[in-house]
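*Asks:* Here it is, the structure in full.
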Amino acid sequence: MRYDLKLDFGDGEQSLNDLLPKVRLSSFSPEAPIVDRKSLALPGRNGIILTNQRKTVYKERKIVVKLLINSRIPEQFYLWRHEVYKLLVRDEPYYISNEFEPYKRWLVICDGNFNIDKDSSKNFKEFDVEFTCITGFAESKFMASEFYNLGGEMYGVGMNIPQEDLVYRFNNNYSFKVYNGGDVRLYPTEHDYSVDLVLSGTNVKIKNNNTGEYLTIKGKLTNAKVMILRQYVTVNGKIAKTEGRFPSLIPGYNQIVITGANKSSVDFITRFYFK
């Protein structure tokens, strides 16, 4: 398998080798995740004190991609160099990935802080391009509910997928487990994580027993279409009266309990995120 860079500018994934045939990927190196930890130092006391944070926050991180231009004649070298600049340095963020981890992608910006200097006697040059992953994490290219297949490149080794069926849609089930295969706790407010529900009942409460978080939808519901999207909870298209917030999902299994409902359909729609 040829080691190749994949790029998605919003119109589908494309191969670097197809876009720029004289440019090759040599290496793809994300730096370690960076924790934005709050601390303080007290006079006369050794070390630091970690202040209380409601959740661990991660910063953006660098990805160094090593590329090679290999042209036949000097004139081609300058042409391909220009094409590299035009392809990678863009106004808007886009996704990159590589063939060795084809099931993960990174949302990045490239601000062009790199040079491609031609050696006078050579028509090839290896150079580094620095990307910034603005979310701090890789994400799965496919949604959790999609069929996973180690040979089909939807999910693969290192993505914490157990060898068992994973369910993300639950009908009239009031106590069930939802699996977060990523390394990162999922929040509806900041990840590609939403939930569609159809509920009947009064003051329906959805709770994650692992985290203690819960959402109560106030009032009577009759086959009501409920949507959880970012910080919004809607019932039949209107903002709902609620208490609490829809639960996040920690890595691994999450025990979800629904009370106050006599009919329910719950569909979790999410990606996984990886450090």
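*Asks:* Test Gly12 against the criterion of being closer than 17 Å to Leu107 by Cα and out of contact with any Lys or Arg (no Cβ under 9 Å at 6 or more places or on another chain), and give yes or no.
*Replies:* Against the criterion (closer than 17 Å to Leu107 by Cα and out of contact with any Lys or Arg (no Cβ under 9 Å at 6 or more places or on another chain)), Gly12 qualifies.
*Asks:* Based on what the data block shows, is Lys118 free of Cβ contacts under 8 Å to residues at least 24 places away in the same chain, assigned to a loop (DSSP other than H, G, I, E, B) and farther than 26 Å from Ile161 by Cα?
*Replies:* In short, no.
*Asks:* Please indicate, with yes or no, whether at least one residue in region 93-105 is farther than 14 Å from Pro21 by Cβ, surrounded by 19 or more Cβ atoms within 10 Å (Cβ to Cβ) and in contact with a helix residue (DSSP H, G or I) (Cβ under 8 Å, 6 or more places away or on another chain).
*Replies:* Scanning region 93-105, I find no residue that is farther than 14 Å from Pro21 by Cβ, surrounded by 19 or more Cβ atoms within 10 Å (Cβ to Cβ) and in contact with a helix residue (DSSP H, G or I) (Cβ under 8 Å, 6 or more places away or on another chain), so the answer is no.
*Asks:* Next question. Could you pull out the residue among Val235, Val195, Val204 that is within 18 Å of the chain's Cα centre (by Cα) and surrounded by 19 or more Cβ atoms within 10 Å (Cβ to Cβ)?
*Replies:* Within the list Val235, Val195, Val204, the selection yields Val195.
*Asks:* Failed condition for Lys263, given (1) of a type in the set (D, E, K, R); (2) under 28 Å from the mean Cα position of the chain (by Cα); (3) modelled with pLDDT of 95 or more, with all others met?
*Replies:* Here Lys263 meets the rest and fails (2).
*Asks:* So Glu130 fits all but one of (1) assigned to a strand (DSSP E or B); (2) modelled with pLDDT under 90; (3) not hydroxyl-bearing (Ser, Thr, Tyr); what number is the exception?
*Replies:* Checking Glu130 against (1) assigned to a strand (DSSP E or B); (2) modelled with pLDDT under 90; (3) not hydroxyl-bearing (Ser, Thr, Tyr), the one that fails is (2).
*Asks:* Can you find a residue in region 56-71 that is under 24 Å from Glu190 (Cα atoms), of a type in the set (S, T, N, Q) and assigned by TED's automatic domain parsing to the domain that holds Asn17?
*Replies:* yes
*Asks:* Then there's this: Can you pull out the strands (runs of 3 or more DSSP E) entirely within region 157-275 that have at least 3 residues that are aliphatic (A, V, I, L, M) and either within 17 Å of Ala144 (Cβ to Cβ) or not assigned by TED's automatic domain parsing to the domain that holds Arg61 (or both)?
*Replies:* In region 157-275, 193-208, 214-229, 252-270 are the strands (runs of 3 or more DSSP E) which contain 3 or more residues that are aliphatic (A, V, I, L, M) and either within 17 Å of Ala144 (Cβ to Cβ) or not assigned by TED's automatic domain parsing to the domain that holds Arg61 (or both).
*Asks:* Any residue at all in region 36-56 that's surrounded by 15 or more Cβ atoms within 10 Å (Cβ to Cβ) and acidic (Asp, Glu)?
*Replies:* Taking every residue of region 36-56 in turn, none turns out to be surrounded by 15 or more Cβ atoms within 10 Å (Cβ to Cβ) and acidic (Asp, Glu).
The values are calculated or read from the model by the stated rules, or taken from the named source; none is laboratory data. Keep in mind the model is a prediction, meaning the values are calculated, not measured. Virtual Cβ from ideal backbone geometry, glycine too; neighbours counted across all protein chains shown.
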